[in-house]
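Contents: one structure, followed by commentary.
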Amino acid sequence: MNALELAMKMEKDAIAFYTEAAQKTISPVGKKMFQTITLDEQRHLEMIAQIIKGLNITHKDVSPMRNVKTVFASMKDEMMKKVEATSDELEAFKIAMNMEKEGVEFYEKTLAGAKKEKERALLELLIGEEKQHYDLFANTYQFLESTGNWFLWEERGIVEG
C-alpha cells in the first residue's frame with residue numbers, strides 16, 4: 001500500500017469514527033463539531049482520489065476554522081448554556097485529537113518523500129487542515145469539560161478587564 005492509498009484509508013477511518021461519534025454525541029456542540037469535521041474528511045478523501053487518478057486537485061477555498069465559526073455562530077445561545085458532556089463524549093474528543101495529531105505526523109512524513117508537485121500541494125493542504133481540526137477538537141473538549149472556564153478563557157473579559 002503506497003502513501004496515498006494509506007492516506008485514503010486514514011481518511012475513511014476518520015469519516016467512520018466521526019460519523020459514529022456524531023450519532024452518539026448528545027451535546028449539540030459536540031454533534032455539530034463531529035458533523036462538520038466529517039465533511040472536511042470527505043473532501044480530503046475526494047482530493048486524494050483525484051491525485052491517485054493523476055488529476056489536478058480541485059479544492060475550494062475552505063477553512064475548517066471559518067466553517068466551524070459559521071456553524072457555531074448560529075448555536076451561540078445554545079452553547080452558552082451549561083453543557084454536561086458524558087465521559088464517553090469527552091473520550092471521543094480525546095480520540096479525535098489523537099487521530100488528527102497522527103494524521104499531521106503521517107502527512108508530514110509523506111510530504112518529506114513526495115516528489116510530485118501535485119502530491120506536495122495536497123499534503124501541505126492536508127497538514128494545515130488537520131492541524132486546524134486538532135485545535136478545534138481540543139477547544140471543543142475544553143468547552144465540554146468546563147464550559148464556564150472555557151468562556152472566561154475565550155472571552156478574557158473578566159481577567160483582562
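So the values come out like this:
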| quantity | calculated |
| --- | --- |
| Selection from the stretch 1-24 of residues that are out of contact with any Phe, Trp or Tyr (no Cβ under 6 Å at 6 or more places or on another chain) and within 11 Å of Glu89 (Cβ to Cβ) | Lys24 |
| Yes/no for Val62 being within 14 Å of the chain's Cα centre (by Cα), assigned to a loop (DSSP other than H, G, I, E, B) and modelled with pLDDT under 85 | yes |
| Residue count for the stretch 117-134, restricted to those that are within 26 Å of Ala92 (Cβ to Cβ) and surrounded by 15 or more Cβ atoms within 10 Å (Cβ to Cβ) | 9 |
| The stretch 107-132 residues that are without any contact (Cβ under 8 Å) to a residue 24 or more places away in the chain, paired with ones that are surrounded by 14 or more Cβ atoms within 10 Å (Cβ to Cβ) and among the β-branched types (Val, Ile, Thr) (beta carbon under 7 Å, 6 or more apart) | Glu108/Ile127; Leu111/Ile127; Leu123/Thr110; Ile127/Val104 |
| Odd one out for Ile52 among (1) at pLDDT 90 or above; (2) surrounded by fewer than 15 Cβ atoms within 10 Å (Cβ to Cβ) | (1) |
| Tally, over the stretch 98-116, of residues that are closer than 21 Å to Gly30 by Cβ and either among the aromatic types (Phe, Trp, Tyr) or surrounded by fewer than 18 Cβ atoms within 10 Å (Cβ to Cβ) (or both) | 3 |
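The values are calculated or read from the model by the stated rules, or taken from the named source; none is laboratory data. Keep in mind the model is a prediction, meaning the values are calculated, not measured. In this analysis, Cβ positions are derived from the backbone assuming ideal geometry, glycine residues included, and neighbour counts consider all displayed protein chains.
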